[in-house]
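The values are calculated or read from the model by the stated rules, or taken from the named source; none is laboratory data. Source: prediction; values computed, not measured. Glycine gets a Cβ as well: all are built from the backbone with ideal geometry, and neighbour counts include every protein chain shown.
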Amino acid sequence: MPTLIATEFEDLQLYVRGKVRDLYMVGDLLLMVATDRLSAFDYVLPTGIPGKGRVLTQISLFWFDHLSDIVPNHLVTADVEEYPAQLRPHQEELRGRSMLVNPARMFPAECVVRGYLSGSGWKDYLRTGKICGIALPSGLRESERLPEPIFTPATKSMSGEHDENISFDQMVARVGGDNAEELRRLSLEIYQKAAEHALERGLILADTKFEFGRTAKGIVLADEVLTPDSSRFWPSDGYLPGGPQPSFDKQFVRDYLESIGWNKQPPAPELPGGVVRQTQEKYEQALSLLTGPAVVRRP
Ligand SMILES: Nc1ncnc2c1ncn2[C@@H]1O[C@H](COP(=O)(O)OP(=O)(O)OP(=O)(O)O)[C@@H](O)[C@H]1O
Ligand SMILES: [Mg+2]
């Protein structure tokens, strides 16, 4: 499959180009195309990962369906045969990596749930003993399972800025008390169900980020869901708290960028072929594990 770095549909009206997704307006709907772009340390790299956009789309579609008893979502259809006629010229580029969705007014917050101590949560805990104002027991190790999953929202940054963890009160100030309560409730319930599913597939869902919006249907789950770009998945086999765990995301990319001493300022460097291939394999493995048959029987 050729690598799709960006779509250039000049006959369509661009709605927004995110780090990974290109969104176009199609009548009353949005066409969301997941490209093969990859961002690391908040920068889009010049090198793409072949087929990554398809993997992200297929994983999100799986979860939208799996979670539909908990929360409605923005999906209208991902079947290109059902797309409006104006999209027919782009059918082959869109197949497998796009969705038609209902436009939503997005809440200006990222809804993060953490079941394990990692990433920015681990850094905050080391510094303050807390994450987003939530006090945690002392003496926890990196990657350790938390006593219970916690809701740790973050700001939704404009491109180029870093997302910043915020307290629940700051979340209330951004979206209002009722919305904040409902988004927390939904996020924790989704995490619970998804983590259970992942574990049956031999994967620990360490943490994940949801984006919700509001449509005529009320609050809907939007954007991408529970993919290796928005979540940390670890193989449960060999899980060992006390350090970082191997994960199904851009680990190889981050490790490579650290190894060459990139100063994390633009321009971002190209990736060598080996790193691209290993990353591509990881994404494909995540798709087949998450959407394939259970490998671990329920106790
Ligand atoms: N149903 C929807 N209605 C309106 N906007 C949406 C909808 N679903 C997703 N979006 C927005 O589309 C954009 C998708 O872009 P993309 O996923 O590439 O991410 P980004 O926001 O640039 O980066 P990151 O995901 O790292 O925060 C996001 O701004 C997201 O909030
Ligand atoms: Mg995004």
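Summed over region 27-39, the residues that are buried (at least 21 other Cβ atoms within 10 Å of the Cβ), more than 14 Å from ligand 2 (Cβ to nearest atom) and not acidic (Asp, Glu) give a count of 1. Being among the small types (Gly, Ala, Ser), within 27 Å of Gln280 (Cβ to Cβ) and at pLDDT 95 or above: is that true of Gly243 here? Yes.
Report whether or not Ser68 is free of Cβ contacts under 8 Å to residues at least 24 places away in the same chain, under 29 Å from Ala180 (Cβ atoms) and within 16 Å of ligand 1 (Cβ to nearest atom). The answer is yes for Ser68.
Report yes if some residue within region 234-245 is away from ligand 2 (no atom under 16 Å from the Cβ), without any contact (Cβ under 8 Å) to a residue 60 or more places away in the chain and crowded, with 21+ Cβ neighbours inside 10 Å; otherwise report no. Break it down into steps so the answer makes sense when it comes.
Of all residues in region 234-245, those away from ligand 2 (no atom under 16 Å from the Cβ) come to 234-245.
Filter once more, keeping what is without any contact (Cβ under 8 Å) to a residue 60 or more places away in the chain: 235, 237-238.
Filter once more, so that each one left must be crowded, with 21+ Cβ neighbours inside 10 Å: none.
Within region 234-245, none of the residues are away from ligand 2 (no atom under 16 Å from the Cβ), without any contact (Cβ under 8 Å) to a residue 60 or more places away in the chain and crowded, with 21+ Cβ neighbours inside 10 Å.
Criterion first (within 16 Å of ligand 2 (Cβ to nearest atom) and more than 15 Å from Pro153 (Cα to Cα)) does Ala85 satisfy it? So Ala85 does not fit the description; no.
Within region 3-21, residues that are touching a residue at least 40 places away in the same chain (Cβ under 8 Å) and over 19 Å from Ser60 (Cα atoms) sit with their Cβ atoms under 8 Å from residues that are outside any strand (DSSP E or B) and of a type in the set (Ser, Thr, Tyr), at 6+ positions apart or across chains, in these pairs: Ile5/Thr35; Thr7/Thr35. The residue list Gln58, Gln86, Gln91 contains one member that is free of Cβ contacts under 8 Å to residues at least 60 places away in the same chain, away from ligand 1 (no atom under 14 Å from the Cβ) and at negative phi, which is Gln91. Applying the condition of being in a strand (DSSP E or B), hydroxyl-bearing (Ser, Thr, Tyr) and more than 11 Å from ligand 1 (Cβ to nearest atom) to region 192-251 and asking which residue is nearest to Leu38 (Cα to Cα) yields Ser231. In region 249-293, the qualifying residues are those that are without any contact (Cβ under 8 Å) to a residue 60 or more places away in the chain and under 19 Å from the mean Cα position of the chain (by Cα), and the one that is nearest to Gly51 (Cα to Cα) is Glu281.
Listed by position, the strands (runs of 3 or more DSSP E) enclosed by region 1-66 that each have at least 2 residues that are modelled with pLDDT of 95 or more and under 25 Å from Gly292 (Cα atoms) are 29-34. Per the listing Gly139, Gly96, Gly119, the residue uniquely within 16 Å of ligand 1 (Cβ to nearest atom) and either within 23 Å of Lys193 (Cα to Cα) or not polar (S, T, N, Q) (or both) is Gly119. Residue count for region 163-179 under the criterion of being assigned to a helix (DSSP H, G or I) and either modelled with pLDDT under 95 or out of contact with any strand residue (DSSP E or B) (no Cβ under 8 Å at 6 or more places or on another chain) (or both): the result is 6. Take the residues in region 42-90 that are among the basic types (Lys, Arg) and within 17 Å of the chain's Cα centre (by Cα), then tell me which one is surrounded by the most Cβ atoms within 10 Å (Cβ to Cβ). That would be Lys52.
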